[in-house]
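Worksheet for the structure shown next.
The values are calculated or read from the model by the stated rules, or taken from the named source; none is laboratory data. Remember, it's a predicted structure, so these values are computed and weren't measured experimentally. Heads up, the Cβs are rebuilt from the backbone with ideal geometry, glycines too, and the neighbour counts pull from every protein chain shown.
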Amino acid sequence: MEFDDALTSRVKELALECGFARVGVAPAGPVERAEAFRAWLASGFHADMTYLARNVEARFNPAKLLDGARSVICLAVSYSPGRDEPDTDAFIARYARGRDYHRVLKKRAQALCDLVRAVEASFVGRVFVDSAPVAERSLAAAAGLGWIGRNGSLIVPGLGSYVLLAEIVCNLPLRPDDSRQSGCGDCRKCMAACPTGAIISEGVIDARRCLSYQTIENRGDIPADLWPLLGLCVFGCDACQAICPHNRRAVSGDAELTGSAGEKPLTLKEILTWSESDRDRLTRGRALRRATHRMFLRNAILAAGNSGDPSLLPLLESHQADETLQPYFAWATKQILAAGRQ
Ligand code: B12
(Lines give C-alpha, C1' and ligand atoms only; values in the text may rest on other atoms or scores of the structure.)
Protein backbone atom coordinates (compact mmCIF):
# COMPACT_ATOMS: atom_id res chain seq x y z
CA MET A 1 0.00 0.00 0.00
CA GLU A 2 1.21 3.53 -0.81
CA PHE A 3 1.38 5.83 2.21
CA ASP A 4 1.25 9.62 2.24
CA ASP A 5 4.05 10.66 4.60
CA ALA A 6 3.44 14.41 4.32
CA LEU A 7 -0.24 13.94 5.16
CA THR A 8 0.64 11.61 8.04
CA SER A 9 2.92 14.26 9.59
CA ARG A 10 0.30 16.99 9.10
CA VAL A 11 -2.45 14.90 10.73
CA LYS A 12 -0.17 14.23 13.71
CA GLU A 13 0.62 17.94 14.11
CA LEU A 14 -3.08 18.78 13.99
CA ALA A 15 -3.85 16.10 16.62
CA LEU A 16 -1.44 17.75 19.05
CA GLU A 17 -2.99 21.16 18.25
CA CYS A 18 -6.40 19.74 19.15
CA GLY A 19 -5.22 18.86 22.67
CA PHE A 20 -4.10 15.25 22.34
CA ALA A 21 -0.89 14.36 24.16
CA ARG A 22 0.02 11.45 21.86
CA VAL A 23 -1.00 10.28 18.40
CA GLY A 24 -0.11 7.20 16.39
CA VAL A 25 -1.40 5.33 13.36
CA ALA A 26 -2.46 1.69 13.06
CA PRO A 27 -3.54 0.02 9.83
CA ALA A 28 -7.32 -0.46 9.57
CA GLY A 29 -7.00 -4.21 9.31
CA PRO A 30 -7.34 -7.19 11.65
CA VAL A 31 -5.68 -6.58 15.05
CA GLU A 32 -3.97 -9.53 16.65
CA ARG A 33 -5.30 -10.58 20.09
CA ALA A 34 -8.84 -11.49 19.04
CA GLU A 35 -8.11 -15.05 20.24
CA ALA A 36 -6.85 -13.82 23.63
CA PHE A 37 -10.03 -11.74 23.92
CA ARG A 38 -12.23 -14.76 23.08
CA ALA A 39 -10.39 -16.84 25.70
CA TRP A 40 -11.00 -14.06 28.25
CA LEU A 41 -14.73 -14.14 27.46
CA ALA A 42 -14.81 -17.95 27.60
CA SER A 43 -13.36 -17.82 31.13
CA GLY A 44 -16.28 -15.61 32.19
CA PHE A 45 -13.88 -12.77 33.15
CA HIS A 46 -16.28 -10.23 31.63
CA ALA A 47 -18.80 -10.81 34.47
CA ASP A 48 -22.21 -9.50 33.30
CA MET A 49 -20.76 -7.12 30.64
CA THR A 50 -22.39 -9.25 27.96
CA TYR A 51 -22.11 -6.46 25.37
CA LEU A 52 -18.39 -7.33 25.15
CA ALA A 53 -19.26 -10.71 23.63
CA ARG A 54 -21.11 -9.07 20.73
CA ASN A 55 -19.40 -8.01 17.47
CA VAL A 56 -16.04 -9.52 18.42
CA GLU A 57 -15.03 -9.61 14.76
CA ALA A 58 -15.60 -5.87 14.27
CA ARG A 59 -13.91 -5.15 17.63
CA PHE A 60 -10.68 -6.60 16.28
CA ASN A 61 -11.04 -5.37 12.70
CA PRO A 62 -11.69 -1.63 12.38
CA ALA A 63 -12.13 -2.07 8.60
CA LYS A 64 -15.62 -3.31 9.50
CA LEU A 65 -16.50 0.04 11.07
CA LEU A 66 -16.17 2.23 7.96
CA ASP A 67 -16.44 1.52 4.23
CA GLY A 68 -13.08 2.22 2.62
CA ALA A 69 -11.24 2.37 5.97
CA ARG A 70 -7.46 2.40 5.59
CA SER A 71 -6.05 3.84 8.81
CA VAL A 72 -6.84 4.25 12.49
CA ILE A 73 -5.62 7.47 14.09
CA CYS A 74 -5.08 6.50 17.75
CA LEU A 75 -5.17 9.33 20.27
CA ALA A 76 -4.34 9.62 23.96
CA VAL A 77 -4.89 12.27 26.61
CA SER A 78 -3.31 12.17 30.07
CA TYR A 79 -5.23 12.56 33.32
CA SER A 80 -2.20 11.99 35.51
CA PRO A 81 -2.22 13.99 38.76
CA GLY A 82 1.57 14.27 38.27
CA ARG A 83 2.05 14.15 42.05
CA ASP A 84 0.75 12.33 45.12
CA GLU A 85 -2.70 13.72 45.71
CA PRO A 86 -4.32 13.59 49.13
CA ASP A 87 -7.43 11.39 48.88
CA THR A 88 -10.62 11.97 50.85
CA ASP A 89 -12.37 9.12 52.67
CA ALA A 90 -14.37 8.42 49.48
CA PHE A 91 -12.01 7.10 46.83
CA ILE A 92 -12.96 8.11 43.29
CA ALA A 93 -10.82 6.70 40.46
CA ARG A 94 -8.66 9.42 38.95
CA TYR A 95 -10.15 9.09 35.48
CA ALA A 96 -13.52 10.19 36.88
CA ARG A 97 -12.41 13.21 38.91
CA GLY A 98 -12.80 15.75 36.12
CA ARG A 99 -15.14 16.18 33.16
CA ASP A 100 -16.57 13.15 31.37
CA TYR A 101 -13.71 11.93 29.18
CA HIS A 102 -16.09 10.60 26.52
CA ARG A 103 -17.30 14.14 25.84
CA VAL A 104 -13.90 15.82 26.17
CA LEU A 105 -12.12 13.40 23.83
CA LYS A 106 -14.99 13.19 21.33
CA LYS A 107 -15.12 16.98 20.99
CA ARG A 108 -11.38 17.18 20.39
CA ALA A 109 -11.44 14.29 17.91
CA GLN A 110 -14.30 15.89 16.00
CA ALA A 111 -12.37 19.18 15.86
CA LEU A 112 -9.43 17.18 14.49
CA CYS A 113 -11.68 15.65 11.79
CA ASP A 114 -12.72 19.16 10.70
CA LEU A 115 -9.09 20.31 10.46
CA VAL A 116 -8.04 17.18 8.54
CA ARG A 117 -10.95 17.64 6.12
CA ALA A 118 -9.77 21.22 5.47
CA VAL A 119 -6.35 19.80 4.49
CA GLU A 120 -7.65 16.79 2.56
CA ALA A 121 -11.18 17.18 1.20
CA SER A 122 -11.57 13.43 0.46
CA PHE A 123 -11.26 12.62 4.20
CA VAL A 124 -13.99 10.43 5.65
CA GLY A 125 -13.66 9.36 9.28
CA ARG A 126 -15.57 8.03 12.29
CA VAL A 127 -14.72 8.95 15.86
CA PHE A 128 -14.82 6.37 18.69
CA VAL A 129 -14.40 6.93 22.42
CA ASP A 130 -15.47 3.76 24.14
CA SER A 131 -18.63 4.10 22.04
CA ALA A 132 -18.62 1.01 19.81
CA PRO A 133 -16.97 -2.39 19.66
CA VAL A 134 -13.39 -1.15 19.32
CA ALA A 135 -10.39 -2.83 20.98
CA GLU A 136 -8.98 0.51 22.06
CA ARG A 137 -5.95 -0.72 24.01
CA SER A 138 -4.92 -3.22 21.33
CA LEU A 139 -5.20 -0.55 18.61
CA ALA A 140 -3.24 1.99 20.65
CA ALA A 141 -0.51 -0.62 21.24
CA ALA A 142 -0.48 -1.46 17.52
CA ALA A 143 -0.15 2.28 16.75
CA GLY A 144 2.96 2.47 18.95
CA LEU A 145 1.41 4.77 21.59
CA GLY A 146 2.72 2.52 24.34
CA TRP A 147 2.66 -1.08 25.55
CA ILE A 148 0.13 -3.16 27.48
CA GLY A 149 1.41 -3.35 31.05
CA ARG A 150 1.05 -6.24 33.49
CA ASN A 151 -1.81 -4.25 35.02
CA GLY A 152 -3.62 -4.65 31.69
CA SER A 153 -3.45 -0.92 30.95
CA LEU A 154 -1.76 0.86 28.08
CA ILE A 155 1.40 2.48 29.45
CA VAL A 156 2.66 5.44 27.42
CA PRO A 157 6.33 6.42 27.77
CA GLY A 158 6.53 9.73 29.67
CA LEU A 159 2.79 9.72 30.50
CA GLY A 160 2.34 6.39 32.29
CA SER A 161 -1.02 4.61 32.25
CA TYR A 162 -3.24 7.46 33.46
CA VAL A 163 -4.29 8.06 29.85
CA LEU A 164 -7.61 7.81 28.05
CA LEU A 165 -7.99 6.70 24.47
CA ALA A 166 -9.91 7.71 21.35
CA GLU A 167 -9.71 6.61 17.73
CA ILE A 168 -10.60 7.97 14.30
CA VAL A 169 -11.10 5.24 11.71
CA CYS A 170 -10.56 6.92 8.34
CA ASN A 171 -10.02 6.45 4.62
CA LEU A 172 -6.62 8.22 4.39
CA PRO A 173 -3.46 6.29 3.44
CA LEU A 174 -1.51 7.21 6.61
CA ARG A 175 1.79 5.48 7.38
CA PRO A 176 1.39 3.09 10.35
CA ASP A 177 3.71 3.42 13.34
CA ASP A 178 5.79 0.56 14.75
CA SER A 179 4.58 -1.07 17.95
CA ARG A 180 6.79 -0.85 21.07
CA GLN A 181 8.51 -3.33 23.33
CA SER A 182 7.13 -3.72 26.86
CA GLY A 183 8.83 -1.45 29.40
CA CYS A 184 7.59 -3.36 32.45
CA GLY A 185 10.83 -5.36 32.82
CA ASP A 186 10.69 -7.61 35.88
CA CYS A 187 8.33 -5.28 37.77
CA ARG A 188 5.22 -7.00 39.14
CA LYS A 189 4.21 -4.37 41.71
CA CYS A 190 0.73 -3.95 40.20
CA MET A 191 -0.04 -7.65 40.49
CA ALA A 192 0.91 -7.62 44.19
CA ALA A 193 -0.95 -4.34 44.87
CA CYS A 194 -4.38 -5.43 43.58
CA PRO A 195 -6.46 -5.76 46.77
CA THR A 196 -8.56 -8.62 45.40
CA GLY A 197 -6.02 -10.53 43.26
CA ALA A 198 -7.98 -9.58 40.12
CA ILE A 199 -4.86 -9.59 37.91
CA ILE A 200 -4.90 -13.33 37.48
CA SER A 201 -1.98 -13.45 35.06
CA GLU A 202 0.15 -10.86 33.27
CA GLY A 203 -2.17 -8.21 31.80
CA VAL A 204 -5.28 -10.36 32.32
CA ILE A 205 -8.00 -9.00 34.59
CA ASP A 206 -10.89 -11.00 36.01
CA ALA A 207 -13.52 -8.24 36.07
CA ARG A 208 -15.55 -10.24 38.62
CA ARG A 209 -12.84 -9.47 41.18
CA CYS A 210 -11.85 -6.01 39.90
CA LEU A 211 -13.10 -3.23 42.20
CA SER A 212 -13.56 -1.00 39.19
CA TYR A 213 -16.15 -3.44 37.81
CA GLN A 214 -17.78 -4.02 41.18
CA THR A 215 -18.21 -0.35 42.05
CA ILE A 216 -18.97 1.10 38.58
CA GLU A 217 -20.53 -1.62 36.46
CA ASN A 218 -22.19 -4.06 38.86
CA ARG A 219 -25.76 -2.85 39.33
CA GLY A 220 -26.68 -5.86 41.44
CA ASP A 221 -25.01 -6.98 44.64
CA ILE A 222 -21.30 -7.02 45.42
CA PRO A 223 -20.20 -10.49 46.64
CA ALA A 224 -19.72 -10.40 50.42
CA ASP A 225 -16.15 -11.79 50.31
CA LEU A 226 -15.10 -8.56 48.54
CA TRP A 227 -16.67 -6.16 51.08
CA PRO A 228 -13.64 -5.90 53.39
CA LEU A 229 -11.31 -5.70 50.36
CA LEU A 230 -13.12 -2.72 48.87
CA GLY A 231 -11.33 -0.34 51.26
CA LEU A 232 -12.55 3.21 50.65
CA CYS A 233 -13.38 2.67 46.96
CA VAL A 234 -16.66 4.36 46.05
CA PHE A 235 -16.20 4.70 42.29
CA GLY A 236 -13.46 2.65 40.62
CA CYS A 237 -10.02 1.74 41.89
CA ASP A 238 -6.50 2.80 40.90
CA ALA A 239 -4.45 0.38 43.03
CA CYS A 240 -2.78 -1.28 40.01
CA GLN A 241 -1.93 2.10 38.51
CA ALA A 242 -0.98 4.11 41.61
CA ILE A 243 1.85 1.66 42.37
CA CYS A 244 3.23 1.71 38.81
CA PRO A 245 6.69 3.36 38.60
CA HIS A 246 5.74 4.81 35.19
CA ASN A 247 2.94 6.80 36.83
CA ARG A 248 5.16 8.04 39.65
CA ARG A 249 7.40 9.68 37.07
CA ALA A 250 4.60 11.04 34.86
CA VAL A 251 4.02 14.75 34.26
CA SER A 252 0.60 16.19 35.14
CA GLY A 253 -2.22 15.73 32.69
CA ASP A 254 -5.07 17.71 31.26
CA ALA A 255 -6.88 20.05 33.70
CA GLU A 256 -10.29 19.23 32.16
CA LEU A 257 -9.77 15.56 33.07
CA THR A 258 -7.85 15.71 36.34
CA GLY A 259 -10.53 17.67 38.16
CA SER A 260 -8.08 20.50 38.86
CA ALA A 261 -10.41 22.71 36.76
CA GLY A 262 -12.79 23.02 39.70
CA GLU A 263 -14.60 19.76 40.58
CA LYS A 264 -14.75 19.41 44.36
CA PRO A 265 -13.52 16.08 45.85
CA LEU A 266 -16.36 14.05 47.38
CA THR A 267 -16.52 12.71 50.94
CA LEU A 268 -18.42 9.77 52.44
CA LYS A 269 -20.52 12.15 54.54
CA GLU A 270 -21.73 13.92 51.41
CA ILE A 271 -22.49 10.78 49.43
CA LEU A 272 -24.31 9.14 52.33
CA THR A 273 -26.61 12.15 52.53
CA TRP A 274 -27.19 12.49 48.77
CA SER A 275 -30.75 12.46 47.50
CA GLU A 276 -31.45 11.16 44.00
CA SER A 277 -31.50 14.76 42.74
CA ASP A 278 -28.18 15.60 44.48
CA ARG A 279 -26.61 12.66 42.67
CA ASP A 280 -28.16 13.85 39.42
CA ARG A 281 -26.87 17.40 39.82
CA LEU A 282 -23.38 16.54 41.05
CA THR A 283 -22.61 13.89 38.43
CA ARG A 284 -23.82 15.87 35.40
CA GLY A 285 -21.18 15.99 32.64
CA ARG A 286 -18.92 13.61 34.55
CA ALA A 287 -17.99 9.93 34.05
CA LEU A 288 -19.24 9.48 37.63
CA ARG A 289 -22.76 9.46 36.22
CA ARG A 290 -22.40 5.80 35.25
CA ALA A 291 -23.19 4.72 38.83
CA THR A 292 -26.80 4.93 39.95
CA HIS A 293 -27.87 6.53 43.24
CA ARG A 294 -28.26 3.10 44.82
CA MET A 295 -24.78 2.06 43.65
CA PHE A 296 -23.24 5.18 45.19
CA LEU A 297 -25.01 4.46 48.48
CA ARG A 298 -24.12 0.75 48.41
CA ASN A 299 -20.45 1.55 47.77
CA ALA A 300 -20.32 4.40 50.29
CA ILE A 301 -21.90 2.24 53.01
CA LEU A 302 -19.24 -0.46 52.47
CA ALA A 303 -16.48 2.19 52.43
CA ALA A 304 -17.90 3.63 55.68
CA GLY A 305 -17.67 0.15 57.23
CA ASN A 306 -14.07 -0.16 56.12
CA SER A 307 -13.23 3.35 57.39
CA GLY A 308 -14.19 2.35 60.95
CA ASP A 309 -15.30 5.98 61.46
CA PRO A 310 -17.98 6.15 64.22
CA SER A 311 -19.10 9.62 63.13
CA LEU A 312 -20.65 7.96 60.05
CA LEU A 313 -22.97 5.68 62.10
CA PRO A 314 -25.95 8.10 62.20
CA LEU A 315 -25.70 8.57 58.43
CA LEU A 316 -25.69 4.81 57.92
CA GLU A 317 -28.77 4.46 60.07
CA SER A 318 -30.69 6.73 57.74
CA HIS A 319 -30.46 3.93 55.10
CA GLN A 320 -31.52 1.14 57.44
CA ALA A 321 -35.04 1.02 56.05
CA ASP A 322 -33.94 0.41 52.45
CA GLU A 323 -34.31 -3.34 52.02
CA THR A 324 -31.85 -3.56 49.12
CA LEU A 325 -29.15 -1.87 51.22
CA GLN A 326 -29.91 -3.64 54.49
CA PRO A 327 -27.15 -6.32 54.33
CA TYR A 328 -24.55 -3.65 53.55
CA PHE A 329 -25.83 -1.46 56.38
CA ALA A 330 -25.72 -4.34 58.88
CA TRP A 331 -22.19 -5.34 57.91
CA ALA A 332 -20.83 -1.77 57.88
CA THR A 333 -22.33 -0.99 61.28
CA LYS A 334 -20.78 -4.14 62.74
CA GLN A 335 -17.39 -3.21 61.29
CA ILE A 336 -17.47 0.29 62.80
CA LEU A 337 -18.57 -0.97 66.21
CA ALA A 338 -15.86 -3.66 66.15
CA ALA A 339 -13.21 -1.06 65.22
CA GLY A 340 -14.35 1.06 68.21
CA ARG A 341 -13.82 -1.86 70.62
CA GLN A 342 -10.20 -2.42 69.53
C1 B12 B 1 -14.69 -3.47 29.72
C2 B12 B 1 -13.75 -2.40 30.19
C3 B12 B 1 -13.37 -2.42 31.53
C4 B12 B 1 -13.69 -3.59 32.45
C5 B12 B 1 -12.70 -4.75 32.18
C6 B12 B 1 -11.22 -4.28 32.21
C7 B12 B 1 -10.24 -5.19 31.51
N8 B12 B 1 -8.98 -5.11 31.90
O9 B12 B 1 -10.58 -5.93 30.62
C10 B12 B 1 -13.54 -2.93 33.86
C11 B12 B 1 -14.89 -2.38 34.30
C12 B12 B 1 -13.01 -3.84 34.96
C13 B12 B 1 -12.61 -1.77 33.51
C14 B12 B 1 -11.77 -1.18 34.41
C15 B12 B 1 -10.93 -0.12 34.11
N16 B12 B 1 -10.93 0.59 32.97
CO17 B12 B 1 -11.89 0.08 31.35
N18 B12 B 1 -12.60 -0.38 29.68
C19 B12 B 1 -13.27 -1.40 29.30
C20 B12 B 1 -13.53 -1.32 27.78
C21 B12 B 1 -14.96 -0.81 27.54
C22 B12 B 1 -13.31 -2.66 27.05
C23 B12 B 1 -11.99 -3.35 27.46
C24 B12 B 1 -11.97 -4.79 27.05
O25 B12 B 1 -12.31 -5.12 25.93
N26 B12 B 1 -11.56 -5.67 27.97
C27 B12 B 1 -11.35 -7.05 27.69
C28 B12 B 1 -9.85 -7.30 27.68
C29 B12 B 1 -9.56 -8.79 27.48
O30 B12 B 1 -9.41 -6.55 26.55
P31 B12 B 1 -8.32 -5.39 26.68
O32 B12 B 1 -8.33 -4.80 28.03
O33 B12 B 1 -8.48 -4.46 25.54
O34 B12 B 1 -7.03 -6.31 26.55
C35 B12 B 1 -6.45 -6.65 25.28
C36 B12 B 1 -5.13 -5.94 25.15
O37 B12 B 1 -4.50 -5.89 26.39
C38 B12 B 1 -4.43 -6.84 24.14
N39 B12 B 1 -2.98 -6.97 24.30
C40 B12 B 1 -2.30 -7.47 25.34
N41 B12 B 1 -0.99 -7.46 25.07
C42 B12 B 1 -0.85 -6.94 23.82
C43 B12 B 1 0.28 -6.70 23.07
C44 B12 B 1 0.15 -6.16 21.79
C45 B12 B 1 1.36 -5.91 20.98
C46 B12 B 1 -1.17 -5.86 21.27
C47 B12 B 1 -1.35 -5.28 19.91
C48 B12 B 1 -2.30 -6.10 22.07
C49 B12 B 1 -2.11 -6.64 23.32
O50 B12 B 1 -5.02 -8.14 24.29
C51 B12 B 1 -6.04 -8.12 25.25
C52 B12 B 1 -7.11 -9.12 24.84
O53 B12 B 1 -7.64 -8.91 23.60
C54 B12 B 1 -12.44 -0.28 27.33
C55 B12 B 1 -12.81 0.59 26.13
C56 B12 B 1 -12.65 -0.19 24.83
N57 B12 B 1 -13.65 -0.14 23.99
O58 B12 B 1 -11.64 -0.85 24.62
C59 B12 B 1 -12.21 0.55 28.63
C60 B12 B 1 -10.78 0.97 28.94
C61 B12 B 1 -9.88 -0.23 28.74
N62 B12 B 1 -10.83 1.26 30.36
C63 B12 B 1 -10.11 2.23 30.75
C64 B12 B 1 -9.90 2.62 32.10
C65 B12 B 1 -9.32 4.00 32.34
C66 B12 B 1 -10.21 1.75 33.14
C67 B12 B 1 -9.80 1.88 34.63
C68 B12 B 1 -8.40 2.45 34.85
C69 B12 B 1 -10.87 2.71 35.40
C70 B12 B 1 -10.69 2.75 36.91
N71 B12 B 1 -9.66 3.38 37.43
O72 B12 B 1 -11.50 2.24 37.65
C73 B12 B 1 -9.91 0.40 35.08
C74 B12 B 1 -8.58 -0.37 34.88
C75 B12 B 1 -8.69 -1.83 35.23
C76 B12 B 1 -7.57 -2.64 34.54
N77 B12 B 1 -6.46 -2.84 35.24
O78 B12 B 1 -7.74 -3.02 33.38
C79 B12 B 1 -9.35 2.86 29.57
C80 B12 B 1 -7.90 2.35 29.64
C81 B12 B 1 -6.83 3.31 29.20
C82 B12 B 1 -5.48 2.65 29.35
N83 B12 B 1 -4.48 3.43 29.74
O84 B12 B 1 -5.30 1.47 29.13
C85 B12 B 1 -10.18 2.30 28.32
C86 B12 B 1 -9.34 2.00 27.08
C87 B12 B 1 -11.26 3.37 28.01
C88 B12 B 1 -10.71 4.55 27.21
N89 B12 B 1 -11.37 4.92 26.11
O90 B12 B 1 -9.72 5.17 27.52
N91 B12 B 1 -12.67 -1.46 32.18
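For segment 150-203, a residue qualifies if it is surrounded by fewer than 20 Cβ atoms within 10 Å (Cβ to Cβ) and at positive phi, and the qualifying residues are GLY152, GLY158, GLY185, GLY197, GLY203. Quick one: is LEU41 in a helix (DSSP H, G or I), within 21 Å of the chain's Cα centre (by Cα) and outside the structural domain of GLY236 (by TED's automatic domain parsing)? Yes, satisfied.
Can you pull out every residue in segment 203-218 that is part of a strand (DSSP E or B) and near the ligand (Cβ under 6 Å from one of its atoms)? Within segment 203-218, ILE205 is the sole residue that qualifies.
For ALA96, indicate whether it is over 14 Å from the mean Cα position of the chain (by Cα) and small (Gly, Ala, Ser). When the stated conditions are applied, ALA96 does not pass them. Just one of the listed residues (VAL119, VAL129, VAL124, VAL104) is near the ligand (Cβ under 8 Å from one of its atoms) and β-branched (Val, Ile, Thr), namely VAL129. Within segment 1-28, being part of a loop (DSSP other than H, G, I, E, B), over 27 Å from VAL104 (Cβ atoms) and modelled with pLDDT of 95 or more holds for PHE3, ASP4.
In the condition set (1) without any contact (Cβ under 8 Å) to a residue 60 or more places away in the chain; (2) surrounded by fewer than 19 Cβ atoms within 10 Å (Cβ to Cβ); (3) under 17 Å from GLY98 (Cα atoms); (4) within 21 Å of the chain's Cα centre (by Cα), THR283 is compliant with all but (2).
Residue by residue, here is whether (1) in the same structural domain as ALA36 (by TED's automatic domain parsing); (2) among the acidic types (Asp, Glu); (3) assigned to a loop (DSSP other than H, G, I, E, B) holds:
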site: HIS102; (1), (2), (3): yes, no, no
site: ASP114; (1), (2), (3): yes, yes, no
site: VAL134; (1), (2), (3): yes, no, yes
site: LEU145; (1), (2), (3): yes, no, yes
site: LEU164; (1), (2), (3): yes, no, no
site: ARG180; (1), (2), (3): no, no, yes
site: CYS184; (1), (2), (3): no, no, yes
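In segment 129-142, the residues that are farther than 16 Å from SER161 by Cα and touching a residue at least 40 places away in the same chain (Cβ under 8 Å) form Cβ pairs under 7 Å with partners that are charged (D, E, K, R) and more than 6 Å from the ligand (Cβ to nearest atom), at six or more places apart or across chains, as follows: PRO133/ARG54; PRO133/ARG59; VAL134/ARG59; VAL134/GLU167; ALA135/ARG59. It is to be established whether one or more residues within segment 128-140 are more than 19 Å from the chain's Cα centre (by Cα), surrounded by fewer than 23 Cβ atoms within 10 Å (Cβ to Cβ) and on the phi < 0 side of the Ramachandran plot. Checked against the condition, which is being more than 19 Å from the chain's Cα centre (by Cα), surrounded by fewer than 23 Cβ atoms within 10 Å (Cβ to Cβ) and on the phi < 0 side of the Ramachandran plot, segment 128-140 yields no hits at all.
All of GLU35, GLU85 fail the test of being without any contact (Cβ under 8 Å) to a residue 24 or more places away in the chain and closer than 30 Å to SER252 by Cβ, apart from GLU85.
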